[in-house]
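Written out below as structure tokens is the structure these notes cover.
Just so it is clear, none of the values below were taken in a lab; they were calculated from the coordinates. Given the structure is predicted, the values throughout are model-derived calculations rather than measurements. Virtual Cβ from ideal backbone geometry, glycine too; neighbours counted across all protein chains shown.
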Amino acid sequence: MQAHSVINDFVIRFANVNGTGSASANNMFAKAIFRMGIPVSPKNIFPSNIQGLPTWYEVRVNEQFYLGRRDGIDLMICVNPQSMLQDVASVKSGGYFIYDNTKPLHKEYIREDLNYIGIPLTEITIQEYTDPRQRMLFKNIIYVGALAALIDIEMDVLQQLVNEQFKGKEKLIQPNHHALDLGYQYIQKNFSHPLPYRLQRRDLIKDKILFEGNAATALGAIYGGATVAAWYPITPSTSVVDAFADYAAEYRVDPETNENNYAIVQAEDELSAMGMVIGAMWNGARAFTATSGPGVSLMQEFLGLAYFAEIPAVLVDVQRTGPSTGMPTRTQQSDILIAAHASHGDTKQVLLIPNSPKECFDFAAMSFDLAEQLQTPVIILSDLDLGMNDHVSDALEWKSTTQYRRGKVLSADQLDQIGRFGRYLDTDGDGIPYRTIPGTHPTKGSFFTRGSSRDEYAIYTEDGNAYKRNMDRLLKKWETIKSYVPKPELLQSEANANMGMLFFGTSHFSSVEARDILAKEGIELDAIRLRSFPFSQEVSDFIEDHELIFVIEQNRDAQMRTLLINELEVNPEKLVRVLNYDGMPITAAHISKEISNYIHKTNKKSKDFSLEMNAS
Amino acid sequence: MSYIKPSFRHPELPVNTLGYKRKDYEGSLSTLCAGCGHDSISGALIQACFELNIEPHRLAKLSGIGCSSKTPTYFLGNSHGFNSVHGRMPSVATGANLANRDLIYLGVSGDGDTASIGMGQFVHLIRRNLNITYIVMNNGCYGLTKGQDSATADKGSKSKAGSTNLFQNIDLPGLAMELGAGFVARSFSGDKVQLIPLIKAALAHPGFALIDVISPCVTFNNNVGSTKSYDYVRQHVDATATVDFVPHAAEIKTTYEAGSNKLVSMHDGSLIKLNKLQADWDPTNRDSAVHALHEANSKGEILTGLIYINEESQDLHQLLNTSKKPLNTLSEKQLCPGPEALMDINQGLR
């Protein structure tokens, strides 16, 4: 048994069977820790299955706000015999294996270096309940009650969460309280507790929230004024539209007429979903679709049309493991290149890359302004880890003075005042032309939208010069876009570091933690978190200012590195790959090890690494 | 190129009740082959919109890719147009219609665009009953890529090069009937007398309205042995009825012979007057419409005219209960729940 206690710093994993109601109990567990003022990071590790296969819920507790995934399980709650062998193996030496001991544990599950805590969960439920469904559901609540005793979760916090969950179904409150108590009492009678891994109330959460990225994205779309959502179901993006539907039902039904100030269409495929978004935004409504990698593949043709014909569109890509069906319930950042250059021909697409629910909300709301101002598709690159897991996040904010920026849209009055309207005429010198919405003016401002070449007045032409002028203007617009998109976040070290790390999206948490680990080893790194594409000047400056940059990403082919090299014409030797692509969220241990190894290995070869770089 | 359009028009040409001349409904010069059936359909569309007193800017015309999909450039020059991607016009039109239910939507497609690459979108457009007039300019071949058979080419039909089509054709009105379309018609580009009132009725229909217009390709599919040639179609055409469209509020002057006539009232108060040529056919009865189609088919005839109309059609907006005010006119105030609601949402996440 571990001698000294570890307060607010451990990883606990629940091994459950998919479809047995464990999710709500596990969520309650994580929320209770959050309510105790302690940073917490839960992750669903689930199969592509509805019922029966193993599923895990992994919760990292860390009061330093290191909320990326950490390898090694300190406590395992195993209620799934199917995965028990694997579960026993995944616990760290000295850790705790908490299991249902209604039947004795087979020899093969015994490791000498683990502590075993058996709770007769099945037996208790058989004694207490007659309905098989109740037995299944309350088993989950009982183990949460047991954990309350084992790791010091405040019981009144759990009870309060039960009260909130069953508000309106008061009959269920008492039985759930009772189930919590059953687990608690069993531990109290049979084990010394709390365990060395335990919780202690803190005041670190302040006004932060615990929220899923996909729901935050959906809420951002509501706030950003989206009225049309067209989509095709695909994991892990489905919950974006599900949440949009829920929020819309609450906030977008006209109280007087009872009519919907929104429309949601489940399309026949992702092609159609993208077509609907383009049609709606062409016609002046704000519209979006949400999908994942396979859907982005299907949307390529339409994204090229929207780029070339300059039609606003918003696409949320919640990335998962590719290629093809890949591992559909595992996370990855591997759609960077397909999104950045979506479609055939010379295309460049605007990317927004959030790292938190707050940014999911902000970027989703902002994406409609950007798409309309820039008259081009905007792709929000989220991922499964961010989208489908709860994250501790800054509270969401909205200014009452916020007004939607519709960009250069001409009204009937404006059309009367100007001379000949040129849809693709660069009047302002920023590469962004003026557009009109159908139905604006009886005789002025109509034009033909097409994916084929045309002149500045939207007249079809196969004149190579006119085509080239248009393509060049689109490049000019691309330059303008750089000043519109969110700037990167910079983390400067105190020592004037000559090396940096570059990361984006959900690699953020583990990268920041790795940076601290490395600093303790004496390796100081500056850091930059990309938040958008095209890359703004700050990104070029950061790369320019450092001799070596570790590019951290969650894909096999170092796609962001490729994009940086291509766009900024960086010497490839300067950008070192730090990759993770097993479908699990990247860890700080992995990042710091890779960087540390690289530096030591290179130093062995060349005593003065920085001199070598300067000379090259 | 079909013809050179004179810019001069007689000053005393008639105007419609909006004060527009027919010229105000025209578009740019057609670049299709001289004699192309599609140009006749464009002409019929111009005439129908002129006579219906449609404000040109209140109509949006959308198309896919192909010869047919080029035509929206050649009519309604004061309307916004959208030449989208091959086979995907239905989805773009759906989005556009969702954004603004107050415009009139005209979708123009071809047999390749609809019956092959765009079949999925066509089918689901019908399923959703989008309020759109969907015209297929059907010539049984791929004109822009020089005459390959399309999926609507009849089995046994001969191409210009002499090869015989081996495959079953897809009959679009038959398919639309199976899918529950609320307005199904077929016509022939060479029969404006029939086509113009059908277009008017389709535009007035509050939901999906298909007009499959056989439109011979003079360059690649007008040869002997082709079942989509002018001669073949003229010889095999068999109409359900002669059609007259009586717009809302117009006075009905004609008297009808009992038995052979049928009046169909439209949602907006307009009337379709049919002088029935098919004995046991009722355009408001699905079974009899399907029967009429099958019967004509087995006799080797091309059944034209109005085939079916559902007077109770409910379009996508009605099904979704969307706001009567077009979604693209809603303001921040109506769309954004504001900072106070957000504070409550935050509180619920703590």
Across segment B:208-251, which residue is farthest from B:Thr145 (Cα to Cα) among those that are of a type in the set (Val, Ile, Thr) and part of a loop (DSSP other than H, G, I, E, B)?
-> B:Thr240
Members of segment A:392-441 found to be of a type in the set (D, E, K, R) and buried (at least 18 other Cβ atoms within 10 Å of the Cβ), listed by number = A:Arg423, A:Asp426, A:Arg435
Qualifying positions in segment B:133-148 - surrounded by 24 or more Cβ atoms within 10 Å (Cβ to Cβ) and on the phi < 0 side of the Ramachandran plot | B:Thr133, B:Tyr134, B:Ile135, B:Val136, B:Met137, B:Asn138, B:Asn139, B:Cys141, B:Gly143
Residue count, segment A:507-560, condition assigned to a helix (DSSP H, G or I), surrounded by fewer than 20 Cβ atoms within 10 Å (Cβ to Cβ) and hydroxyl-bearing (Ser, Thr, Tyr), comes to 1
Residue match in segment A:458-473 (condition: within 23 Å of A:Gly505 (Cα to Cα) and surrounded by 14 or more Cβ atoms within 10 Å (Cβ to Cβ)) | no
Residue by residue through segment A:408-436, note down the ones that are in contact with a Pro (Cβ under 8 Å, 6 or more places away or on another chain) and within 14 Å of chain B (Cβ to nearest Cβ).
-> A:Arg423
Flag for B:Leu106 being more than 14 Å from chain A (Cβ to nearest Cβ) and within 16 Å of the chain's Cα centre (by Cα) = no
Restricting the search to segment B:72-102, which residues are over 17 Å from A:Ala458 (Cβ atoms) and in contact (Cβ under 8 Å) with a residue 40 or more places away in the chain?
-> B:Pro90, B:Thr94, B:Asn97, B:Leu98, B:Ala99, B:Asn100, B:Arg101, B:Asp102
What are the residues in segment A:3-44 that are touching a Lys or Arg at 6+ places or on another chain (Cβ under 7 Å) and part of a loop (DSSP other than H, G, I, E, B), if any?
-> A:Ser5, A:Asn8, A:Met36, A:Gly37, A:Ile38
So is A:Ser292 over 22 Å from A:Met388 (Cα atoms) and hydroxyl-bearing (Ser, Thr, Tyr) or not?
-> no
Counted residues in segment B:310-344 being facing chain A (nearest Cβ under 7 Å) and surrounded by 15 or more Cβ atoms within 10 Å (Cβ to Cβ) come to 14
With criteria (1) in a helix (DSSP H, G or I); (2) under 30 Å from A:Ser453 (Cβ atoms); (3) not small (Gly, Ala, Ser), A:Ile565 comes up short on (2)
So the helices (runs of 4 or more DSSP H) completely within segment A:200-296 holding 2 or more residues that are surrounded by 22 or more Cβ atoms within 10 Å (Cβ to Cβ) and facing chain B (nearest Cβ under 7 Å) are A:213-223, A:270-282
Say we look at segment B:264-315 and pick out the residues that are part of a loop (DSSP other than H, G, I, E, B) and of a type in the set (D, E, K, R); which of these is nearest to the chain's Cα centre (by Cα)?
-> B:Asp315
When you go through A:Asn80, A:Asn62, A:Asn115, A:Asn49 one by one, which is the residue that is within 16 Å of A:Asn26 (Cα to Cα) and not hydroxyl-bearing (Ser, Thr, Tyr)?
-> A:Asn80
Could you look through segment A:547-603, keep only residues that are more than 21 Å from the chain's Cα centre (by Cα) and polar (S, T, N, Q), and pick out the one that is nearest to A:Leu530 (Cα to Cα)?
-> A:Thr562
Could you check, for segment B:91-101, whether at least one of its residues is over 15 Å from the mean Cα position of the chain (by Cα), away from every other protein chain (no Cβ under 12 Å) and on the phi < 0 side of the Ramachandran plot?
-> no
Select from segment A:341-353 the residues that are of a type outside the set (Ser, Thr, Tyr), within 23 Å of B:Val85 (Cα to Cα) and out of contact with any Leu (no Cβ under 6 Å at 6 or more places or on another chain) and list them in ascending order.
-> A:His341, A:His344, A:Gly345, A:Asp346, A:Lys348, A:Gln349, A:Val350
Output for segment A:216-252, where each listed residue is of a type outside the set (Ser, Thr, Tyr) and under 14 Å from A:Asp362 (Cβ atoms) | A:Ala216, A:Ala218, A:Leu219, A:Gly220, A:Ala221, A:Ile222, A:Gly224
The listed residue being touching a Gly at 6+ places or on another chain (Cβ under 8 Å), outside any strand (DSSP E or B), of a type in the set (Gly, Ala, Ser) and within 14 Å of chain A (Cβ to nearest Cβ), out of B:Ser40, B:Ser69, B:Ser30 = B:Ser69
Filter segment A:127-142 down to residues that are in a helix (DSSP H, G or I) and loosely packed, with under 14 Cβ neighbours inside 10 Å, then give me how many there are.
-> 3
Kindly indicate whether B:Phe82 is facing chain A (nearest Cβ under 9 Å) and over 14 Å from the mean Cα position of the chain (by Cα).
-> yes
Residue list for segment B:73-86, filter: closer than 26 Å to A:Ala230 by Cα and touching a Phe, Trp or Tyr at 6+ places or on another chain (Cβ under 8 Å) | B:His80, B:Gly81, B:Phe82, B:Asn83, B:Val85
Odd one out for B:Phe75 among (1) farther than 18 Å from B:Ala44 by Cα; (2) more than 10 Å from chain A (Cβ to nearest Cβ) | (1)
Name the residues in segment A:568-583 that are in contact with a strand residue (DSSP E or B) (Cβ under 7 Å, 6 or more places away or on another chain) and in a helix (DSSP H, G or I), would you?
-> A:Lys574
When segment B:6-55 is checked residue by residue, the ones that are without any contact (Cβ under 8 Å) to a residue 60 or more places away in the chain and in contact with a Cys (Cβ under 7 Å, 6 or more places away or on another chain) are B:Tyr25, B:Leu32
For A:Phe302, indicate whether it is of a type outside the set (A, V, I, L, M) and within 25 Å of A:Leu396 (Cβ to Cβ).
-> no
Residue count, segment A:181-192 (criterion: over 12 Å from A:Ile119 (Cβ atoms) and part of a loop (DSSP other than H, G, I, E, B)) | 1
